[in-house]
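What follows draws every value from the coordinates through simple rules; no lab data is involved. A quick note: this is a predicted structure, and the numbers were derived from the prediction, not measured. Backbone-built Cβ (ideal geometry, glycine too); neighbour counts: all protein chains shown.
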Ligand SMILES: *Cc1c(COP(=O)(O)O)cnc(C)c1O
């Protein structure tokens with residue numbers, strides 16, 4: 001059965017993004033592909049194979065259920081790491097499968113030790129420390145107790161990593177806060193080393209930190225948004241811009257395009273209202289096309305009388321309100337259109353392009369939010 005719209009995912013774009021990130025980090029650094037939020041809306045099942053084809057062997061998820069989806073879809077023996085939620089009841093399965101996870105509190109650490117003992121194996125943990133984000137992480141005052149537990153349980157706990165997360169490396173307005181975090185992390189790391197305790201990998205950087213604070217790169221970077229072809233913010237892009245080669249000022253490529261098609265046409269006389277209510281009165285005799293996507297498909301109501309789509313390579317406007325299942329667009333000046341003609345909501349058509357950023361700006365959403373809100377039931381298609 002046909003659907004009302006499709007999201008295309010470009011494999012070659014992903015490969016280019018990873019190649020660019022690799023150039024930034026150097027070859028010795030592991031890139032952990034962050035696939036939380038259903039791979040930022042792209043679909044874990046779609047991204048894992050593409051990522052492995054691009055040489056990725058490490059994935060990060062927010063939760064245990066996402067980790068299992070990576071586990072089931074990987075074809076290589078790629079590492080999987082849980083950054084956030086993991087119920088104690090799920091520890092057994094996660095530890096058994098060799099999936100590693102962040103530990104930021106004694107409760108989880110002790111639970112992991114119990115399970116590892118029962119299974120007669122090692123739990124693979126990344127110790128997350130509080131450096132100033134103030135969400136999760138062991139406090140500086142926890143360090144002695146933490147050290148003693150880790151020492152006592154060396155046969156049950158595999159110390160895969162020592163990690164933290166920055167509170168806004170994508171904006172210079174957080175510069176002082178991020179700098180303080182870098183320092184705090186270093187203090188923890190040095191202290192552990194002085195006590196004779198090391199970790200397999202030191203990792204702190206997300207996309208923004210990788211680009212803007214290269215000293216945070218260390219052994220591994222956890223890259224989400226950049227792998228999907230977006231700068232964390234315009235500011236991060238501006239910061240890098242000068243150092244990008246003239247030949248390629250735009251090294252990050254968007255993976256997704258969102259496409260629908262024309263459902264039907266209608267002629268509207270000057271002075272008539274279009275759609276619900278009276279938000280749009282035809283200023284001239286017009287022709288509109290109906291496109292079968294609406295707010296139930298993730299096309300925000302905020303785009304009523306605001307949105308733009310591409311038809312036949314031309315930018316045309318949404319007229320009237322976005323309804324649950326459709327929008328009307330003004331095609332008065334276009335000729336020769338047919339039912340079923342392609343409508344681009346995000347992406348390129350001929351010489352024109354609607355970017356996620358422009359789309360996001362008019363809906364007041366950041367890239368991250370817009371991507372992850374694209375409904376799961378819109379089919380994703382992998383393209384070259
Ligand atoms: C989401 C997340 C990342 C990736 O962030 P991006 O800005 O998308 O690169 C890295 N580390 C942690 C702990 C995260 O939660």
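With r defined as the distance between the Cβ atoms of residue 200 and residue 93 and R0 fixed at 35 Å, what FRET efficiency is calculated, to the nearest 0.05?
The computed FRET efficiency comes out at 0.95.
Of the DSSP beta bridges with both residues in the chain, give the percent that are antiparallel, rounding to the nearest 5.
For the chain, the DSSP antiparallel bridge percentage is about 50.
Would you mind checking the tilt of helix 44-53 against the longest principal axis of the Cα atoms of the chain, expressed as 0 to 90 degrees and rounded to 10?
Relative to the chain, helix 44-53 is tipped by roughly 70 degrees.
Using all Cα-Cα distances in segment 169-291, what percent lands in each 5 angstrom bin from 0 up to the longest?
Per 5 Å bin, starting at 0, the Cα pair percentages come out as 2, 9, 12, 13, 10, 7, 7, 7, 9, 7, 5, 4, 3, 2, 1, 1, 0.
When only C-alpha pairs under 8 Å and at least 6 residues apart count, what is the relative contact order of segment 227-297, in percent?
Over segment 227-297, the number comes to 27 percent.
Among 173-182, 118-127, what's the highest-first ranking by average C-beta atoms within 10 angstrom per residue?
118-127, 173-182
Of 235, 128, 194, which has the largest mean-square fluctuation in a 10 Å C-alpha GNM of the chain?
194
Post the alpha-carbon centroid distance, segment 23-37 to segment 223-245, in whole angstrom.
That distance is 14 Å.
Could you work out how far apart the two model spin labels at residue 265 and residue 152 are, taking each label as a point 7 Å from the Cα in the direction of the beta carbon, and quote it in nm?
7.9 nm
For labels at residue 1 and residue 290 in the simple 7 Å Cα→Cβ model, what's the distance in nm?
Those two pseudo-labels are separated by 1.9 nm.
Helix 106-119: angle to the longest alpha-carbon principal axis of the chain, degrees 0 to 90, nearest 10?
The helix 106-119 is inclined about 70 degrees to the chain.
Residues in segment 39-66 near a label at residue 75, defined as backbone nitrogen under 11 Å from the 7 Å Cα→Cβ point?
Residues passing the 11 Å test: 49-54.
Determine, from the Cβ-Cβ distance of residue 366 and residue 114 and an R0 of 51 Å, the FRET efficiency 1/(1 + (r/R0)^6), rounded to the nearest 0.05.
E between residue 366 and residue 114, to the nearest 0.05, is 0.80.
Take the Cα radius of gyration of segment 1-82 and divide it by 2.2 N^0.38 Å, with N its residue count; two decimals is plenty.
So segment 1-82 has a normalised radius of gyration of 1.13.
Enumerate the residues in segment 250-281 having an amide nitrogen under 15 Å from the point lying 7 Å beyond the Cα of residue 332 toward its Cβ.
Answer for segment 250-281: 266-275, 280-281.
In nm, give the distance between the simple-model label positions of residue 305 and residue 219, each being 7 Å from the Cα along the Cα-to-Cβ direction.
Simple spin-label model gives 5.8 nm for this pair.
What's the exposure ranking of 154, 105, going from fewest to most Cβ atoms within 10 Å?
154, 105
Sort all Cα-Cα distances of segment 256-354 into consecutive 10 angstrom bins from zero, then give the percent of pairs in each bin up to the one containing the longest distance.
Final binned percentages: 17, 53, 28, 2.
Taking Cα pairs under 8 Å and at least six residues apart, what relative contact order does segment 168-220 come out at, in percent?
The value is 36 percent.
Give me the one-decimal Kirkwood hydrodynamic radius in Å for the chain, with the sum taken over alpha-carbon pairs.
After inverting the pairwise mean of 1/r, the radius is 23.0 Å.
With r defined as the distance between the Cβ atoms of residue 384 and residue 324 and R0 fixed at 51 Å, what FRET efficiency is calculated, to the nearest 0.05?
The formula returns an efficiency of 0.90 here.
Quick check: Cα centre of segment 89-119 to Cα centre of segment 133-159, how many Å?
So the two Cα centres are separated by 14 Å.
Can you bin segment 69-221 into rounded, prolate or oblate? Criterion: square roots of the alpha carbon gyration tensor eigenvalues sorted a ≥ b ≥ c, rounded for a/c under 1.5, prolate for a/b above b/c, oblate for the rest.
Since a/c reaches 1.5 but b/c is at least a/b, the shape of segment 69-221 is classed as oblate.
Can you tell me the length gained on complete extension of the stretch residue 177 to residue 27, counting 0.36 nm per residue apart and subtracting the Cα distance?
51.1 nm
Assuming 0.36 nm per residue, please report the length gained on full extension of the stretch residue 342 to residue 143 beyond their Cα-Cα distance.
Difference between extended and current length: 65.7 nm.
Give the relative contact order (percent, whole number) for the chain; include only Cα pairs under 8 Å separated by 6+ residues.
18 percent
In deg cm²/dmol and to the nearest 500, what is the mean residue ellipticity at 222 nm of the chain if only DSSP H runs of at least 4 residues count, each as -39500 (n - 2.57), divided by the residue total?
-9000 deg cm²/dmol
Would you kindly calculate the translational diffusion coefficient of segment 84-127, applying Stokes-Einstein with the Kirkwood radius from alpha carbon pairs, for 37 °C and a viscosity of 0.692 mPa s, and quote it in µm² s⁻¹ without decimals?
D = 325 µm²/s.
Please build a GNM for the chain, connecting alpha carbons under 10 Å apart, and tell me which residue among 207, 243, 317 fluctuates the most.
Greatest mean-square fluctuation among the candidates belongs to 243.
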